[in-house]
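Below you'll find the structure, written out as structure tokens, and then a few comments.
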Amino acid sequence: MPLDPAKPYNDLPDLPPAAQLETKPVLKACIEARAALAALQQAARLIPNPAVLINTMPLLEAQASSEIENIATTTDALFRYAQLDERAADPATREALRNRTALNSAFHSIKARPLSTATAVEICTGIKNVQMEIRRIPGTALANNKTGKVIYTPPVGESLLRDKLANWEKFVHGEDNLDPLVRMAVSHYQFEAIHPFTDGNGRTGRILNLLMLVERGLLDEPILYLSKYIIENRPAYYRLLLDVTVSAAWEPWILYMLAAVLDTARWTQARIAAIKELMQVTADNVRSKAPKIYSRELVDVLFNQPYCRIENLVDARIAKRETASRYLKVLAAAELLREEKIGREKLFVNASFLDLLVNEEASG
């Protein structure tokens, strides 16, 4: 009997699926994706200043993940207000910044306790900035943005949803030999199909993807810019999710997610190489143009994120406030930074670094 999209899908099958998941094409794609992740992991471990990645990649991920849900902000605004009082930012930028904060908070929490339904609640609460709970009332449905036609209605009833989430949680931590990347893809579908919250499910689910990779030892830090691929291939993302629901088309969905991992792992690795090169060029320029203030620690702070404040140098114990201000002005005079005044705040922009993060052609 065909699925009625207007009726709650209370018969959503439990995991694991009955279908064969690790087909020959899937296993081949797994090998490539795992190799790309391993190369990314190695590149990240060799970068001199880990804060470069920890402070930037989650913000890029937050922007793209928010854009998938039609919450649009700019990379420039995100990095700027990551340094300023985010309450002064526009609502879309504030929401994307909360996505970054929720990811970082959950990343630290899974060091103390395994990923769980409680983790998902914590993430969604952080994103929405209000206490989120598992849905208790009906009325949630997914509709086509253009036509308004309902395309899927998730299960209803708190007890049923909690049962489905308990099954999802058990599958996430399964001890069978299923490849972790296949497990992530299947788990992501199931979480989106359960749709446990009234809002924020997509962004929560995409954060859970990164945390699964960390828990399984495929990443040390949640630096994979996975939503980049999804935003570039958004129609296929939603179509393939729905195809699993309608016709149990698991292989195309899993292959899509493996392609996302492969593409973004390679992109992130290339971006790391470009950042390392730019850091060396910047260090050489500071040593040449401002030798009296040069230190490797100073250059590192300039790459913690593209926007730098006097306080960043003070906090890094590079100089006291008055001296730190002079250092940044010297670098601006040498055209290595660009000074900007925003309200009462003074920011110094590492424009080359910002361009590298924003411009898709900035690295291979």
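Computed values, structure above
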read-out	value
Residue 220 vs. criteria at pLDDT below 95 and either surrounded by fewer than 20 Cβ atoms within 10 Å (Cβ to Cβ) or of a type in the set (Phe, Trp, Tyr) (or both)	yes
The listed residue being assigned by TED's automatic domain parsing to the domain that holds residue 200, under 17 Å from residue 217 (Cα atoms) and small (Gly, Ala, Ser), out of 51, 82, 77, 36	36
Residue, nearest to residue 355 (Cα to Cα), within the stretch 302-321, restricted to residues that are surrounded by 22 or more Cβ atoms within 10 Å (Cβ to Cβ) and either within 26 Å of the chain's Cα centre (by Cα) or of a type in the set (Ser, Thr, Tyr) (or both)	306
Residue match in the stretch 343-353 (condition: in a loop (DSSP other than H, G, I, E, B) and crowded, with 21+ Cβ neighbours inside 10 Å)	yes
Enumeration of residues in the stretch 18-51 that are in a loop (DSSP other than H, G, I, E, B) and at pLDDT below 95	18, 19, 20, 47, 48, 49, 50
So residue 327, is it within 29 Å of the chain's Cα centre (by Cα) and of a type in the set (Phe, Trp, Tyr)	no
Any hit, the stretch 245-253, residues being at pLDDT 95 or above and surrounded by 22 or more Cβ atoms within 10 Å (Cβ to Cβ)	yes
Residue satisfying condition, being assigned by TED's automatic domain parsing to the domain that holds residue 240 and of a type in the set (Gly, Ala, Ser), within set 283, 324, 260	260
Extreme residue, surrounded by the most Cβ atoms within 10 Å (Cβ to Cβ), among residues of the stretch 38-64 that are within 15 Å of the chain's Cα centre (by Cα) and within 16 Å of residue 263 (Cβ to Cβ)	61
Meets criteria (touching a residue at least 60 places away in the same chain (Cβ under 8 Å) and not in a helix (DSSP H, G or I)) for residue 258	no
Residue match in the stretch 214-229 (condition: of a type in the set (Gly, Ala, Ser), out of contact with any Asp or Glu (no Cβ under 6 Å at 6 or more places or on another chain) and more than 24 Å from residue 104 (Cα to Cα))	no
Selection from the stretch 84-95 of residues that are surrounded by fewer than 20 Cβ atoms within 10 Å (Cβ to Cβ) and either free of Cβ contacts under 8 Å to residues at least 40 places away in the same chain or within 20 Å of the chain's Cα centre (by Cα) (or both)	85, 86, 87, 89, 90, 91, 92, 94
Residue check for residue 304: out of contact with any Asp or Glu (no Cβ under 9 Å at 6 or more places or on another chain), within 23 Å of residue 89 (Cβ to Cβ), not assigned by TED's automatic domain parsing to the domain that holds residue 82 and not in a loop (DSSP other than H, G, I, E, B)	no
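The values are calculated or read from the model by the stated rules, or taken from the named source; none is laboratory data. No experiment lies behind these values; they were computed from the predicted model shown. Note that we place each Cβ from the backbone using ideal geometry, even for glycine, and neighbour counts take in every protein chain shown.
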